[in-house]
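The values are calculated or read from the model by the stated rules, or taken from the named source; none is laboratory data. From a predicted model like this one, the values you see are computed outputs, not experimental measurements. Here the Cβ is made from the backbone with ideal geometry for all residues, glycine too, and neighbour counts use every protein chain on show.
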């Protein structure tokens, strides 16, 4: 397998898993918030707080993916010349 094909498959796998990681971070935050609300009887406050943390973590994952893609585009623009 050519190096370019291998690199393309790796990038495709990374970006296709991005949606899963965003959804997972949101559901983990939601689950922790619900569990803490049930434990401390503070509904809905901890659920909302940890849901916000989960959403922030999801946006962080998107930001890291954008940063990685910009770095790859910049690197590839110089390596092709």
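Assorted remarks:
- The criterion of being in contact with a helix residue (DSSP H, G or I) (Cβ under 9 Å, 6 or more places away or on another chain) and at pLDDT 95 or above does not hold for residue 62.
- Selected residue [part of a helix (DSSP H, G or I), surrounded by 12 or more Cβ atoms within 10 Å (Cβ to Cβ) and modelled with pLDDT under 90] from 21, 69: 69
- Residue count for the stretch 33-58, restricted to those that are free of Cβ contacts under 8 Å to residues at least 12 places away in the same chain, in contact with a helix residue (DSSP H, G or I) (Cβ under 8 Å, 6 or more places away or on another chain) and either within 21 Å of residue 21 (Cα to Cα) or surrounded by 13 or more Cβ atoms within 10 Å (Cβ to Cβ) (or both): 3
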